[in-house]
1. Starting from the Cα-Cα distance between Lys317 and Glu232, subtract it from 0.36 nm times their residue separation and give me the gain in nm to one decimal.
2. Ranking request for peptides 114-121, 644-651, 302-309: highest mean number of other beta-carbon atoms within 10 Å first, then the rest in descending order.
3. What accessible surface, in Å², does a 1.4 Å probe find on Arg36, ignoring ligands, DNA and RNA and rounding to the nearest 10?
4. For Asn479, what charge total do you get from the other residues with a beta carbon under 10 Å from its beta carbon, if Lys and Arg give +1 and Asp and Glu give -1?
5. Relative contact order of the chain: what whole-number percent is it, with Cα pairs under 8 angstrom and at least 6 residues apart?
6. I need the calculated FRET efficiency for the pair Asn602 and Ile626, taking r as the beta carbon distance and R₀ as 22 Å, to the nearest 0.05.
7. Please give the calculated 222 nm ellipticity per residue for the chain, where each DSSP H segment of at least 4 residues contributes -39500 (n - 2.57) and the sum is spread over every residue; nearest 500 deg cm²/dmol?
8. What lysines could a cross-link reach from Lys579, if we take a straight Cα to Cα line under 20 Å and drop same-chain neighbours fewer than 8 places away?
Amino acid sequence: MKKFCVVASLLLALSSIGQTPKSIIASFDSYADLPREVVSVHLNKTVFLKGEEIGFQAYVFEKGLNRLSLETNNLYCTLKDSTNTVIKQKMIAVEDGFAYGSFSIDSTVQKGNYTFTAFTNWMRNFSEKNHFEQKLSVLDVAEPISTVQKTGSTPNIAFIPEGGYALVGVENTFSVSIKDENGKAMHYLRGNIVNEQGDQVTDFVLDRFGVGRFMFTPRPNEKYFAKFTLQEQEYKTPITPIKSKGVNMQLTDLKSEIGIIFNLKGKQKDPYQLIIHNGVNLNAVTIDFTESKKQIKVIKKEDLHPGMNIISLFDGKGKVLAERLFFNFQDLNFSAINETVNVRKVEDSLQITLTIPNVEADKLNRLSVSVLPATTKAYNPQYTTASYLHLSPYIRNDIRHTQHYFFDNTAKKRFQFDNLMLMQGRSTYNWNTIINKPPKYRFDFEKGISMIGTSNSEESLDFFLSPLENHDLDTFSFNQSNKEFQKDLLFPYEDEILKFAQIRPGKESLAPPLYVRFKPMSIPNVDFSSTPNSRQDGFQDLQPEERIFQEFSGFSEVTQLEEVTVEGDRRKERLERIKATSYGRIHAFEKDDFRRNLYLSNYLSQFGYRVSEARGFFEISAINPITSGPQIPLMYLDGALITDLSIFVRYRMDIVDYIEINRAGIGSGLMAGGGGIIKIFTDPKLGIRNINRKAFNEIDIPLAFARPERFSNPKYLNYSDPLFLQYGAVDWHPNLSVDTSGTVSFKIPDLGQENMIFHIEGVVNGNHFISEAKEISY
């Protein structure tokens, strides 16, 4: 019989924080005064082949309030290797709490293990784990691999007393977990608790995930052991420590309430305080042992916080006597996708239709779907979107199989999940930090990019900023009293530059003398290694073993489903939709249209307008007005009514997408007269060609947003290859919207896969979570 094995014991430190219960509450209010954000990310896989892409959909929430955050627009995503070196990074735009992007696994990413991290600037104000982390593995198809398992039979064993303490003479609850060296749970393992004489006092049985609990009443001066047999080897492990003084805690789930029993061994000088918080809000209950050393408190679940509750017992001097976690599933909202998934063949693609009942179209709704072969081994995230939000910021040790507990929730699953909460012991929150080191406001909520421009010119300047894809044309002025301008809420893409041009009536534009500063300038280099629970252990460490996938043929050139071939058709469809809703005539310009070399004045003069720039002013009027009233047309640029037409002097056509000329002025009420309406729409992606750079001051943006692009998987040469079936990917669709009927529709390539699995994550109705895996046979 072996008497030694690894035993983990997690006891609450008896540290005094020198605060009365009243001042503890006040300190917590100060600590929680700043709102928190937490980000959860759905990744398309966790094991990748070189040449693939890491696709990700991020969901940013208000911590503790179970709703999407509308405060932050900038999300930083990084990929670090095993030495904590940043290999890839980008900033992506967050809209209504949603963001998405991808990293290509190119030549800069070698075979090995990586960490994907996502965080906002605001999160840097806090020591809590509010950012997202997930371990990834990258495989090289030239060196096929399999999972290497450790050898040996020494198990990892943990016994955790509820609340942190076990006391003699009263009943105590213990959680127990037993795993082998590879982290594999010893499910359904049975064992006994015996005294020194070998007499059984109770027994335990582990669930399918290798976790269980047992209760017994220790006697004074008696030693106790856990006995069990694993792989024909018998183990005997001491249950320690068991204290003679202190307070223990036992919590029972009573459906709509919880009951908590406290037993005191020793003396009480002042009433104790039971504090229940979720990192944002706090409730307090007085516990007084004056009349009885056993106190029972019953608390309605509606009075608890939805999700995680951190329950701490303080004595009158501010000493933490016991602490445990309880997860309240009440008031958490989950939605499900209908069982039937519609699959329809459309040329070389499959049209997929999902239906979600009871969707409210006016609420925030977004889904992300990873489509993989049904036999995949490449999708092993430890958390779902909902479980990461509700668990990861609070717990010290990672929990596997969280989807099992969070969806189709039953009384049995809630009991099993509470065993895991017992096993966690303390939360990631440290009361010394709460009391003595409250967070300071040093980092802002970031809403795009801000720029501040200055000039040393002695002259007054009027100039404009050419349109960007997400911004209309903007004008600014410098004069003797104001030599600075500021522009906030900019969302430029990485392939865009800022083009400033001086407005000079009657003359061609010149590059204005400007100096521009930006904020932010770079992606923050943040080390989260000191954050509680910053490492997620237990993922499969993939190492070379043998070439078991000899047939794998690799990839051909990267292809992008449908996107390139139908670009022209999509533009035509878009223009047809514009024409169908327009009151005027649409003049569209192709990419290499010769008319782009004209000035706007030259072009408009062909359509019944008298246009002059002779005196340095842009003057336009209808030659034969259709209606009475002013003959000067209303002119719009990218939807904005332009009152100072001097902006159109020498206005170049090379970034014009299309022009709508409405000679009759229909649809504008009494605003338009005989001149009608002219609307000009630009497309900054067309760029400015064959123009002297001196006409513009072109300024590179040091940090811009990654452009959201269609996810592109490599084209595998063999879709029946074992490596593709285990580690390849069919498709990835982030940022999917839900229509008014609750329908989500998208296309995937038809790769001849008869069986696929759809991993679906998302948020509907603003705060309802979806997390499902649906296997599809086609």
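The values are calculated or read from the model by the stated rules, or taken from the named source; none is laboratory data. What you see is a predicted model, and the numbers here were worked out from it, not measured in a lab. Note that each Cβ is placed from the backbone with ideal geometry, even for glycine, and that neighbours are counted across all protein chains shown. The accessibility values were calculated without ligands, DNA or RNA, using every heavy atom of the protein model including side chains. Shrake-Rupley method; radii C 1.70, N 1.55, O 1.52, S 1.80 Å.
1. Details: separation 85, 0.36 × 85 = 30.60 nm, distance 5.07 nm.
Between Lys317 and Glu232, full extension yields 25.5 nm more.
2. Descending packing order for the listed peptides: 114-121, 302-309, 644-651.
3. Taking all protein chains as shown, Arg36 has close to 10 Å².
4. Net local charge, Asn479 excluded: -1.
5. Details: 1817 pairs, mean separation 135.5, N = 778.
For the chain, the relative contact order is 17 percent.
6. The computed FRET efficiency comes out at 0.45.
7. Details: 8 runs with 69 residues, N = 778.
Taking each H run of at least 4 residues, the total per residue is -2500 deg cm²/dmol.
8. Within the straight-line limit of under 20 Å, Lys579 reaches these lysines: Lys591, Lys679.
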